1. In nm, what is the difference between 0.36 nm times the number of residues separating S144 and Q159 and their Cα-Cα distance?
2. By how many nm would the segment from D169 to R79 lengthen if fully extended, with 0.36 nm per residue of separation less the alpha-carbon distance?
3. At 1.4 Å probe size, with every protein chain present, just tell me what the per residue accessible area of the chain comes to in Å².
4. With +1 on the Cβ of every Lys and Arg and -1 on the Cβ of every Asp and Glu, and nothing else charged, how large is the dipole of the chain about its Cα centre, in debye rounded to the nearest 20?
5. In whole percent, how big is the carbon plus sulfur part of the accessible area of the stretch 94-142, probe 1.4 Å, protein atoms only?
6. Just to be sure I understand the model, the point goes 7 Å from the Cα along the line to the Cβ. What's the resulting T197 to E91 distance in nm?
7. Do you know the relative contact order of the chain, to the nearest whole percent, from alpha carbon pairs under 8 angstrom that are 6+ apart?
Amino acid sequence: MMIRTIVTMTTIAALVGGVTLADDARAGAGAPTPAPIQSNPGGQSYGEWAAQWWQWSLTTPTPDNPFVTGDCAVQDGSRVAFLAGALGSGEVDGHCTVSTGTSLFFPLANEFYGAFPDDPDDQRTEEYVRDQVSCVESAEISVSIDGQAVSNPEGFFEQSVLFELVFPDDNIFGLPGGFTIEPSVDAGYYLFLHPLTPGEHTIEWTASTGCGSSQDISWLVTVEP
């Protein structure tokens, strides 16, 4: 099935990124420092944000889908904006405008896998679906914020919580409305960035994984006062 090929071979792979500012960085000097991977920025773990990122990026209807529009979006009930990248391998040159006080979240390199309704029982277990995304752990990543390198981006590895994807009508894969993929999991490298100062900021990264994906991403983020 062609859709299944898209889901498994590219594993709906998207390389995107996210960043966080530690309290001392927010206070002033130096480049923003990503929130610790073990922390719960914005009230959620990295693994919970990652699951929400995939639900947003894959189940938004095609006309507004971030992989089509190359846009960012603030998540309902939060002050966190997700940035989108290319689906699979590719380049993105994006521009995102957010209001003061908005955090940013996006993956530098990630991989997704979910079970289809007709998969055999032994392929619908948590152990099985997690094994399908293990190739991402060998990623090579370089990321900078406002021209200053983020140290050790490979240290921001997470494994998502289990989640469900329910596709709407007019989804980017042409699946029937209501089609459900679960259990679903993600593994990848994300950064969560607390609110940046008003003005323009550049976030750039390159990444390649053992899954065969590579990306070259550049975002101009405008923070409006």
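1. Gain in length upon complete extension: 3.1 nm.
2. Full extension of this stretch gives 29.6 nm more.
3. With the other protein chains kept in place, the chain gives 42 Å² per residue.
4. 340
5. 40
6. 3.1
7. 31
The values are calculated or read from the model by the stated rules, or taken from the named source; none is laboratory data. Since the structure is predicted, the reported quantities are computational estimates derived from the model, not experimental observations. Methodologically, a virtual Cβ is constructed for each residue, glycine included, from the backbone with ideal geometry; neighbour enumeration extends over all protein chains shown. For the accessible areas, the whole protein counts, side chains as well, though only heavy atoms, and no ligand, DNA or RNA atoms are used. Shrake-Rupley method; radii C 1.70, N 1.55, O 1.52, S 1.80 Å.
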